[in-house]
Each structure stands twice: as structure tokens, then as C-alpha cells.
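Encoded as C-alpha cells, the structure appears first; notes follow it.
The values are calculated or read from the model by the stated rules, or taken from the named source; none is laboratory data. Source: prediction; values computed, not measured. Every residue, glycine as well, gets a Cβ built from its backbone with ideal geometry; the counts of neighbours run over all protein chains shown.
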Amino acid sequence: MNSDFMDALTTLEKDKGISKEIIIEAIEAALISGYKRNFNQAQNVRVDINRENGSIRVFARKQVVEEVFDSRLEISEGAAKAINPQYEVDDIVEIEVTPKDFGRIAAQTAKQVVTQRVREAERGIIYADFIDREEDIMTGIVQRQDSRFIYVDLGKVEALLPLTEQMPNETYKHNDRIKAYITKVEKTTKGPQILISRTHPGLLKRLFELEVPEIFDGTVEIKSVAREAGDRSKISVHAENPEVDPVGSCVGPKGQRVQTIVNELKGEKIDIVRWCEDPVEYVANALSPAKVLQVKVDEEEKMTQVIVPDYQLSLAIGKRGQNARLAAKLTGWKIDIKSQSDAESLGLYNPNESEEVNQQEESFEELE
């Protein structure tokens, strides 16, 4: 090594953010191993690299003893005093043992260490960049796929889209641009591993944050998301300011904002409902687009009993129970739905004594 090599380390420190001193210390440690492997004259050695000109010196460290049993580790008191009269028993004497052809080993070792450190630093930088992007969305380009993953290029790294996180109504082709939700960033021996999803409810939430300025600036808050990816989703929203319409903000002029999200999710239907602290109104809103006559609440069981008109029963329950299932997931309440005629026959509902629940909701399906 020479002064040019030291200058290169200085440049590397500026460009890659890798400490020059850390690299030199790593080279020194690697050279100790290289010396012991190739030259067996000493067992305890120290390697010193001159920080200015890059020159390398190897020193054998030996303990001063009265009687020598292992010359590689020990030196007699007489021999030590010949070097310096001040040495005493148990002191450590350093004797230069730099081999003549050590430069070749040093150059190879330095190259390996620098390459490894640069690789580690680049992986560390990528990990630091992406660990802050967990639970966020990014746009990537589909590269390839196998039986387990689709590999998506996020710029600095390839992310993995597992089969279980792929939307059932989507097909992915090479060079397709997709938005995906980052679920996990892990450190591995091969560098950071980024796992992404197209089915996570967080993807829907982040898409609304991108498309709706009122959500991004906090004027409108997303309270809950329930999603069956590729088919139907429900999202509840709330605004502290009574003059702000949270549902209308999410729908946008002529449904443009929510339409953009529907397009991104390949036609997934989205119901946007108004959040309410009162479970009666909240559950009724969540069952949108079905109309609700009555909601009875059992606080202890966290259950609600919902009465709907007979002609609305199938709509309230939904295809394969989907609407009721999503509403329960959205609100956190168990929901038992009964038709008006069944409820009346069981004595659970009297139309003369009940008022229809005031529902405030919006379903994008209804806007089309």
C-alpha cells in the first residue's frame, strides 16, 4: 500500500460515508490473521499502518520472562534488556518482524477488506433508507417471478411480493409499474430484505393519503379500514371540523379521487362511511349501502342487533356475507342482522315505536 491508497480511502470516506479509520483498523486486523497464516514466527503480533504514507510494519509482541518456553510468545530478560535496559519481567516487548514479501499479502487483504466494507456500508445505507419506509407505499417495477415471489425493483433494491400478498384479480407482467405497501424490512446476510403487499389494508389507507389532501394534512382522519383485497373494502373517516364533509372529501369531484384508487386496485369496490362515536349510527353507516331500521347495542358482549327492511336483507348481508363481515371488521362490533318481518314475529321490532336510523354514508358503487 502507498499514499495513493490512503488518498483513495479518504475519497471513499467522502463518497460512501465509510470511516477511513474503521477501514484501516479492519485491514490491520485482517493482516494479523494473514501474517499468522503465512508466517509462523510469532503468535502475538500487532500490525501498524502509517496513516500518512500507507507503509505497513508488523511487530511481534513478546512477554519478558526469566526462562523462555515458547520463543514465539516469550523473550528472556537478558535479551529484552539488550534491546532496552528498562525492560523488566512481565513487560511486553515489541520486535519488528515485517516479512520482505508482506506487501503482496497486504495488497490482497486490503482489497478484500475494502470491497467487503463498501458492500456492508451500501447495504447499511439501503437498510437505513427503507426501515423508515415500513408501513408506507412505494412504486416499483415488476422484474420477474417464481412460484413464491414476484420481484419488484424499488430502485436501490429488489423487494419481494409473496404469493399470499398478491391480489387474486391481478396478473403481473415484466416492467409493470405497481404501488405496494412495505410490510417488513429485515437485515440478512445478503443485505436488506424488503417484503411488500398488495392486499394489506394499509395500502388502501396510504392511497387515500396520497389522493386526498384533507387526509394528508390531518383535516380528515381515517379511523378504520376493512378490506377483502381485489373485491370490496370499507373505510371510515371523520373530521373534527363540522364544516368539513369527510366522505365528500374522499370521494372528490365527480368521484375522481376514489376512482383513481379504484383503478389502482383493479376495480376493487370501496365504501366510504362516516365514523361516529355512537355505535348505533356507526354500525348503521358501516352496513352501507343497505338501509337500516334499528340497531340495538349490547355493550358487554360488544354485539349489535340490526333490523333491516325485508328487501334490504340480502344487500345488508352481502354476497357470501361479505358486507356484514366487512362492517363488523370495520367497527369492531359483532353484527347480527335480521329482516323486519322476522324481527316483528320474534317481538324484537315494532315499527310504530321505532325510528329509522339516520345513516350518513357514501358508496362509490352508488356513484357510478
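Structure above, values below:
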| quantity | calculated |
| --- | --- |
| Matching entry among GLY248, GLY218 (being closer than 21 Å to LEU330 by Cα, under 25 Å from the mean Cα position of the chain (by Cα) and not aromatic (Phe, Trp, Tyr)) | GLY218 |
| Count - residues of region 194-226 that are touching a residue at least 60 places away in the same chain (Cβ under 8 Å) and either aromatic (Phe, Trp, Tyr) or within 21 Å of GLY252 (Cα to Cα) (or both) | 9 |
| Unique match (being of a type outside the set (A, V, I, L, M), out of contact with any Ser or Thr (no Cβ under 8 Å at 6 or more places or on another chain) and either more than 30 Å from ARG117 (Cα to Cα) or surrounded by 19 or more Cβ atoms within 10 Å (Cβ to Cβ) (or both)) among LYS205, LYS223 | LYS205 |
| Residue in region 1-19 that is surrounded by the fewest Cβ atoms within 10 Å (Cβ to Cβ), counting only those that are touching a residue at least 12 places away in the same chain (Cβ under 8 Å) and within 12 Å of ARG117 (Cα to Cα) | GLY17 |
| Strands (runs of 3 or more DSSP E) contained in region 131-197 and holding at least 3 residues under 11 Å from the mean Cα position of the chain (by Cα) | 177-188, 191-197 |
| Out of THR115, THR183, sole residue that is assigned by TED's automatic domain parsing to the domain that holds GLU21 and among the β-branched types (Val, Ile, Thr) | THR115 |
| Criterion violated by PHE102 - all others in (1) within 22 Å of the chain's Cα centre (by Cα); (2) farther than 17 Å from THR188 by Cα satisfied | (1) |
| Lone unmet requirement of (1) of a type outside the set (Ser, Thr, Tyr); (2) assigned to a helix (DSSP H, G or I); (3) farther than 30 Å from TYR172 by Cα; (4) free of Cβ contacts under 8 Å to residues at least 60 places away in the same chain for GLN256 | (3) |
| Test for GLU135: is it touching a Gly at 6+ places or on another chain (Cβ under 7 Å) and touching a residue at least 60 places away in the same chain (Cβ under 8 Å) | yes |
| Scope region 304-358; condition of a type in the set (Gly, Ala, Ser) and either touching a Gly at 6+ places or on another chain (Cβ under 8 Å) or farther than 20 Å from VAL225 by Cβ (or both); matching residues | SER314, ALA316, ALA324, SER339, SER341, ALA343, SER345, GLY347, SER354 |
| Subset of region 81-95 [surrounded by 13 or more Cβ atoms within 10 Å (Cβ to Cβ) and over 20 Å from ARG57 (Cα atoms)] | LYS81, TYR87, ASP91 |
| Condition broken by ARG148, with the remaining ones in (1) out of contact with any Asp or Glu (no Cβ under 8 Å at 6 or more places or on another chain); (2) touching a residue at least 24 places away in the same chain (Cβ under 8 Å) satisfied | (2) |
| Answer from VAL258, VAL262 - the residue that is touching a Phe, Trp or Tyr at 6+ places or on another chain (Cβ under 6 Å), surrounded by 15 or more Cβ atoms within 10 Å (Cβ to Cβ) and closer than 17 Å to GLU209 by Cβ | VAL258 |
| Boolean, VAL237 is touching a helix residue (DSSP H, G or I) at 6+ places or on another chain (Cβ under 8 Å), within 28 Å of CYS276 (Cα to Cα), in a strand (DSSP E or B) and not basic (Lys, Arg) | yes |
| Answer from LYS36, LYS100, LYS81, LYS20 - the residue that is among the charged types (D, E, K, R) and touching a Leu at 6+ places or on another chain (Cβ under 7 Å) | LYS20 |
| Residue check, LEU330 touching a Pro at 6+ places or on another chain (Cβ under 7 Å) and in a helix (DSSP H, G or I) | no |
